[in-house]
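What follows is a short report on a single structure.
Every read-out reported here was derived from the displayed coordinates using simple, explicitly stated rules and does not represent laboratory data. Fair warning: this is a prediction, and the values are worked out from it, not measured in the lab. All Cβ positions, glycine included, derive from the backbone under ideal geometry; neighbour counts span all protein chains shown.
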Amino acid sequence: MRQATLSSLTRNTVVWRALAIAVVVALLVFAFLQSASAADVADTESVAPGTNKFLQTVMKGTIYGLLLALASVGLSLIYGTTGLSNFAHGESVTFGAATAFVAVGAGAPLWLAIIIAVAAGAASGWFQDVILWKRLRKRNVPNMQQMIVSIGLALVMVNLLQIWIGPDKVRLVTSSPVDRQFGPIALSNFDLIMVAICIVALGSVSYFLMRTRLGRATRAVSDNPALASATGISVNRVIRVVWMMAAALAALAGPMLALYTGTLNFMLGADILLMMFAAVTLGGLGHPFGAAVGALVIGIVAKLTEVYSPAPDLKNASVLAILILTLLVRPQGILGRKERVG
Amino acid sequence: MDFNDILQIVVSPVTAAFALAAIGLNFHYGLTGLLNMGQAGFMLIGMYGYAISVSHGLPAWAGLIIAIVGAVLFALLLGWPTLRLRGDYLAIVTIAAAEIVRIVGRSQWLKEWTGGNTGIRGKDFKDPFESLSPFPDKLIRIGPWQFHGNAWWLLTVAWILVALFALLFWRLKSSPWGRVMRGIREDEDAVRSLGKNVYSFKMQSLVIGGVIGALGGIVFAHSQAVSPDSMSRTTTFWIWTALLLGGAATVFGPVLGTCLFWALFVLIRQVGPLMLPNLDGTQVEPLALAFVGLGLILLIVFRPQGILGNRREIAING
């Protein structure tokens, strides 16, 4: 199935991408019409005057989607190279946020705290691979059983994190951000910096994957580990780098998600784990750019549900419903190749 | 240390409820190799189905039927998109669907029916069951165990259910139907090439295990109350740990595993503070839970067949 002819593959992909974009646009138009009718009721409590509530929500959703993308790319890379659905990835996000929180508490400025968190994240990825995952690969433990191991690891980490930073919600910074007006939308400095960081980080990942030697090796391992190994690529080294990168990206997403929502607690990552899975599945399992596309869609839909649906507490449910629908209609995801997944 | 607490938890209705859920999961994972990560969702469906119907005036048997039908529909809904796909899709979808049930259940949106995040109070739905109780309405002590009369009644019924479903598992496992199931677990393509409808067999397994899970949910609701947050993702992971501890694909594995799981859980909660005196009260529970996770990892790595299992039988590779 993988050897589909190039032309048919491209045509198929183009058609599907067009369809996917059309669906998203239709959703946005629908939501816009809703907002236009809702505007008559004039609920201006949550937005400043001069701000278009719909555009504002989409913008906020986009930022949320970018943060989610940052967190999910690693999940997708790990899946691509090792075939493991890592249920402990959410805890890598929390670990980053918790490290930044402790660093800020110890007197570090925020930027330094985030750098420390990323470094600690990379170290934890390395550590996890050395202690656990490499050994499991060596023993040829099947992927399904490794997945259960990752669930156990998630349980261990989430509870240790709770013991470490306590059960309560805490704030990373005490000052609340001030919004500035940009035409019909209002954004704070934090928002702008976060968007910049996300774009730089995601850009670096794609540069790494597409242009560097190690990145090409990573894609080769993703495609066919045995063949990659036969051409002289050190599969274990590539996977170790992927683990470090994935955990570091998640650790970068952690403190920024904490800034975005205002608070963090030990469940920060566990709460978005299923959103990340939804993003990765929607984009195409194992396809890193797919994860980013999926995360953007998921972020926007989540925010729109939160603001416009009659039951805002169903935000996560709407996202998970998208996940189930994706599997029904197009199990390989938006960017995934059409092949038998079974 | 108080051994009475441990003895008490081992026979308590909560343990029986989890044992039922674990037997259901054993149909999924042990028999067919399905990775259902949403068993707590099935339990929630069961308890909501029963409690909502009974608290709105339907008789108990109707509530039971509604709970079972709910679980069947839930299983069909989950199996439909995923059972043709690779195993981890089922895992992701079931875990997501169980969360949806919990989120919808605790949402203010359906508060009138589900009671929102506070759930449904026990006295709204327990009466029909408790009025059948032959035990007097007071604390009764039998041997080392001391429960209220209603709890004795509940745990009698619950353990009889556990025994019945363990018996069912034993009969079905070695039946021709069960051999097809185990064939699917070992090599799906081989079974397909024999002309069996693998999709339909997997669906049957998902439905049967889900219904048993829903019954476990009803038992759980009777031992406490309907509260959505007591059935989160973590609950599913507990059931998995219990099943793998006892031994998947064995008849008594899920029961033994659940009893041991709760005994160890209580033990760690008692021993933890003695070993680490610096721990404050709020940190004991997470410590015990961290040990559950560690136990799960060690089990899969060193003894995937659990206590009773056969290592060659349970080499599952989705």
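So here's what we get for this one:
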quantity	calculated
Which of A:V156, A:S206, A:A196, positive extreme of dipole for segment A:145-224 (C-beta unit charges)	A:S206
Contact order relative to length of chain B, as percent, for alpha carbon pairs under 8 angstrom and 6 or more apart	33
Segment B:54-202 - convex hull of alpha carbons, volume per residue in Å³	177
Amide H contacts of A:S188 (H built 1.01 Å from N, under 5 Å, at least 5 apart or other chain)	A:R180
Cα-based shape type of segment B:157-274, given that a ≥ b ≥ c are square roots of the gyration tensor eigenvalues and the cut on a/c is 1.5	prolate
C-alpha center-to-center spacing [segment B:239-296, segment A:234-300] in angstrom	30
Listed residues B:N36, B:V255, A:G286: farthest to the positive end of the dipole of the protein assembly as shown (Cβ charges)	A:G286
Most mobile of B:L274, B:L308, B:L172 in a GNM of chain B (Cα contacts under 10 Å)	B:L274
Dipole-positive endmost among B:L78, B:L155, B:P136 within segment B:3-232 (Cβ charges, Cα centre)	B:L78
Over segment B:27-102, volume per residue of the alpha carbon convex hull, in Å³	80
Neighbour-count ranking [beta-carbon atoms within 10 angstrom, fewest first] of B:V72, A:V280	B:V72, A:V280
Phi to ³J(HN,Hα) by Karplus 6.51 cos²θ - 1.76 cosθ + 1.60 over segment A:153-161, Hz, x for Gly, Pro	4, 4, 4, 4, 5, 5, 6, 5, 4
Karplus 3J(HN,Hα) series, Hz, for segment B:236-242 with 6.51 cos²θ - 1.76 cosθ + 1.60 (x for Gly, Pro)	4, 5, 4, 4, 4, 4, 4
Cβ-placed point charges (K, R +1; D, E -1), dipole of segment B:3-232 about Cα centre in debye, nearest 20	380
Set of lysines near B:K196 by C-alpha distance (under 23 Å), chain-local residues within fewer than 8 positions excluded	B:K173
Charge dipole magnitude, Cβ of K and R +1, D and E -1 - segment A:105-230, Cα centre, debye nearest 20	600
Chain B: most fluctuating residue of B:A158, B:A40, B:A263 per GNM, C-alpha cutoff 10 Å	B:A263
Percent breakdown of C-alpha pair distances by 10 Å bin, ordered from the shortest bin, for the protein assembly as shown	3, 15, 25, 27, 19, 9, 2, 0
Separation between Cα centres of segment A:197-217 and segment A:63-119, rounded to whole Å	17
Equivalent-ellipsoid semi-axes of chain B, from the Cα gyration tensor, Å, largest first	30, 25, 19
Which of A:S229, A:S175, A:S150 has the fewest Cβ neighbours within 10 Å, and the rest in rising order	A:S175, A:S229, A:S150
Other-chain or far-sequence residues with amide H under 5 Å of B:R86's (modelled H)	A:G342
Vicinal HN-Hα couplings computed from phi for segment A:135-147 (Karplus, 6.51 cos²θ - 1.76 cosθ + 1.60; Hz; Gly/Pro x)	5, 5, 4, 5, 7, 6, 5, x, 4, 5, 6, 4, 4
For B:G115, residues with placed amide H under 5 Å, excluding near neighbours	none
In Å, descending, principal axis extents of the Cα set of segment A:88-175	49, 24, 15
Normalised contact order of segment A:76-232, rounded percent, pairs of Cα under 8 Å and 6 or more residues apart	26
Rounded if a/c under 1.5, otherwise prolate or oblate - segment A:206-249, Cα gyration tensor axes	oblate
Relative contact order, percent, segment B:209-318 [alpha-carbon distance under 8 Å, six or more residues apart]	29
